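The values are calculated or read from the model by the stated rules, or taken from the named source; none is laboratory data. Since the model is a prediction, treat every value here as computed from it, not as a measurement. We place every Cβ from the backbone using ideal geometry, glycine too, and count neighbours over all the protein chains shown. Accessible surface areas use protein heavy atoms only, side chains included; no ligands, DNA or RNA. Shrake-Rupley method; radii C 1.70, N 1.55, O 1.52, S 1.80 Å.
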Amino acid sequence: MQKRLKKFGGLGLFSMPISTSNLYTPRKETVIRYLSRGLGGPGGEAALLFELEQRLSDYHQAEHCVLFSTGFWALVAAIKLRALSGKTQVIIPSFTYRRLADVVYWAGLIPVFVDIDAGDLAVSPRAVAQNIGDETALILAVHPLVNCCDVTAIMEVSRSSGVPVVFDAVESAHETYAGRRVGSFGGGEVFSMHASKLVNGLEGGYVCTNEAAFASALERYKTGASVAFAGTTRRGLNGLPHVGHAAFALAGLDELAGNVSHNQSIYNCYRKHLSDKAGIRLLEFDEKEQTSYKNIVIEVRENFPVTRDALLASMNLESILARKYYYPPLHKKRFSYPAIIRDMTQTEFAESRYLNLPCGSRVTEQDVHTVCDFIDFVAENHEWFGETL
Amino acid sequence: MNLANPNDIVEHIYGSGYFTNHGPLAKKLEDSLQDFFHIENAVVVGNESLALIIALAGLDLTGRVGVSVHCPEFAVNAVAWAELEPVSTQWDAVPDDLVAVLACDRRGGETDPALLRHAGSHRCKFIVHQHGHFSRELQEGPVITVTTVGATSGGPTAHCAVILTDDDALAEKYRNIRSSYGARKTVDVRATANGRVSEFQAGMALIFLQNLRKQMV
């Protein structure tokens, strides 16, 4: 191992960097076939976009699916329409997607950062409940990279408080919660079709809901028109989807089983190799539920010989493009707009411990062997790899 | 790079292996638009509404924006999205307290000269929204132009939009608001937004531009 490492003058472990993005590439011929239909004449675009919405509704077991140009603007739309009129604040986790506070800003509201549950790294239902106040307009619950947030508890907080909830389900497109498909819970669940997501549409997003009036409001909103919904009128914004992205997404949906199967093999390979490594804990998928096995996350614990950051730096040097898990947490960022920070005890404990490891369609089981061997090498030769605990 | 039809774009994407947005085709599109318009900076954005919002938000203004009477509803809404107050404005009755003017150009060429004179004399920013057409003839002077690339309706068939400016510092702000996967130097902005252009959108816009050039020869 040592003589292959760039750190010691070797050629490196990988000729091409391996990353944490899913980057599933559907068959080119399938994309072209869908594209030909979408661009093939009058009505082609609308028909292909409608077909994708139908496929996604079926996939998520949702009554309605509304396509958008991106997941980002789909989230803004869902928040803006769902938020209680006259209220100003949206409760979100801090340990999440780096632009989520900006999503809330564009919806014209103030993010209130709350803590996570240490067990699942998802927003804590208790923290949500404790921080609902007179100005709370919405709960934006986010499914974490591995498994789901506590949907039952979050929905109960929403029901008892009267504050609506929107789920950011970007990382849980294929999952079930309590045996029920994410996307089928009714209120508003938002997904992305960015190239790094499970369904690669190059770009795009969508909202699933079981409420016809909400779906109708979203449809109107994304044309840029003003929309009357839930007793108030909101300005819309052009969020129209692109037919080319629909062609890629449909091709990706056709091959979803193979995509998930590959992810599962990568996950099993990591599990086999990491199960007995002192100081490393693989976050396990709940296999009682349906899951995409899309993200590989480890915790670097106190008994691993080097810190999470030192392990990451050593990996990156060798073209293993692991990443810190949602770092920095949002409450540590500087904002030019108002943001409110609540108790962050669990988030601050977790922020220095987790790593996303390479995975996705471009990573092979052999790559996983090499990554895990490298982690072993770092542990055995920790004095060469900097900061120790 | 020869892109004759949408299938060629798919071939190109698979050939480059670049599936995420703001890739080589998007960069090529920005270069081509800069060349086409003889302008220093072309910042491509996902659609016309986002381009207008980013064009306004990057100016870091507060206050009232004069909106010419020909502007469509979504352009007026864009002013509000950028946390500014839209004020309907005619050439013969321009309020004195405007911080910017958004003029709609539906034909190409010179736009609302009285509004432009007012902007110049009151040192307020001037944004031209080319709507319903794609014209190489840009308004002269220190203006920012927003136009759709690939279609004239701003509807689903529009490929993307572009913000055109000779102001390098302002363009860098626009790229930071739109976001560029950290490929650009970081500039402080109020908030970022996903306004990036996919490789497919960029490819379609490049074909549109190629065809336009052929027609012009």
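Separation of the stretch A:128-166 from the stretch A:258-275 is 32 Å, based on Cα centroids.
Considering only A:H273, A:H143, A:H64, the mean-square fluctuation computed in a Gaussian network model of chain A, springs between alpha carbons under 10 angstrom, is largest for A:H273.
Each Lys and Arg adds +1 at its Cβ and each Asp and Glu adds -1 at its Cβ; summed about the Cα centre, chain A shows a dipole of about 900 debye. Residues of the stretch B:61-82 buried by at least 10 Å² of accessible area upon assembly of all protein chains, compared with the chain on its own (1.4 Å probe): B:E73, B:F74, B:N77, B:A80, B:W81.
What the Cα convex hull of chain B gives, in volume per residue, is 112 Å³. Between A:P305, A:P93, A:P144, the GNM of chain A built on Cα springs shorter than 10 angstrom shows A:P305 fluctuating the most.
Helix A:212-221 and the longest principal axis of the Cα set of chain A meet at an angle near 80°. Under a GNM of chain B (C-alpha, springs under 10 Å), which listed residue has the highest mean-square fluctuation: B:T89, B:T147, B:T186? Sorting by GNM fluctuation, first place goes to B:T186. In the stretch B:1-42, the residues that give up 50 Å² or more of accessible area when the other protein chains are added, compared with the chain on its own (1.4 Å probe), are B:N7, B:V10, B:Y14, B:F19. Putting +1 on Lys and Arg Cβ atoms and -1 on Asp and Glu Cβ atoms, find which of A:I18, A:L52, A:I110 reaches farthest to the positive end of the dipole of the stretch A:1-142. Value computed over the given set: A:I18. Globularity index of the protein assembly as shown is 0.98 (Cα radius of gyration / 2.2 N^0.38 Å, N = number of residues).
By the Cβ rule of 4.7 Å, the protein assembly as shown holds the following cysteines without a possible disulfide partner: A:C65, A:C148, A:C149, A:C208, A:C269, A:C359, A:C372, B:C124, B:C160. The mean number of Cβ atoms from other chains found within 10 Å of a Cβ in peptide A:238-248 is 6, as a whole number. For the Cα atoms of chain A, what angle does the longest principal axis make with the long axis of helix A:256-274, in degrees from 0 to 90, nearest 10? Once rounded, the angle reads 30 degrees. Other residues with beta-carbon under 11 Å from the beta-carbon of B:C71 carry, at +1 per Lys or Arg and -1 per Asp or Glu, a net charge of -2.
Each residue of the stretch B:2-8 is assigned a 3J(HN,Hα), and the resulting list reads 10, 10, 9, 7, x, 4, 4 Hz, derived from the Karplus form 6.51 cos²θ - 1.76 cosθ + 1.60 (θ = phi - 60°), x at Gly and Pro. Size check on the stretch A:305-389: the Cα extents along the three principal axes, sorted descending, read 47, 33, 20 Å. When the Cα positions of B:H70, B:I53, B:L29 are compared along the charge dipole of chain B, B:L29 comes out farthest toward the positive end, with charges on each C-beta of Lys, Arg, Asp and Glu. Phi-derived couplings, Karplus 6.51 cos²θ - 1.76 cosθ + 1.60 at θ = phi - 60°, listed residue by residue for the stretch A:157-165: 4, 4, 5, 6, 8, x, 8, x, 10 Hz, with x used for Gly and Pro.
Under 5 Å between amide hydrogens, built in the peptide plane, is the criterion, and for B:V67 it picks out B:V87, B:S88, B:T89, B:L102 among residues at least 5 positions away or on other chains. In order along the stretch A:198-206, the Karplus-derived 3J(HN,Hα) couplings, from 6.51 cos²θ - 1.76 cosθ + 1.60 at θ = phi - 60°, round to 4, 9, 8, x, 6, 7, x, x, 7 Hz, and Gly and Pro are given as x.
Taking the Cα centre of the stretch A:97-224 as reference, the dipole from Cβ charges on Lys and Arg (+1) and Asp and Glu (-1) amounts to some 280 debye. Under 5 Å from the amide H of A:I110 lie the amide H atoms of A:Q89, A:V90, each residue being 5 or more positions distant or on a separate chain, with H modelled from the backbone and absent for Pro and chain starts.
Heavy atoms of chains A and B lose about 3600 Å² of accessible surface on contact, summed over both sides with a 1.4 Å probe.
Residues whose amide H comes within less than 5 Å of that of A:G204, counting only those at least five positions distant or on another chain, are A:G71, A:M193, A:H194 (H built at 1.01 Å from N in the peptide plane).
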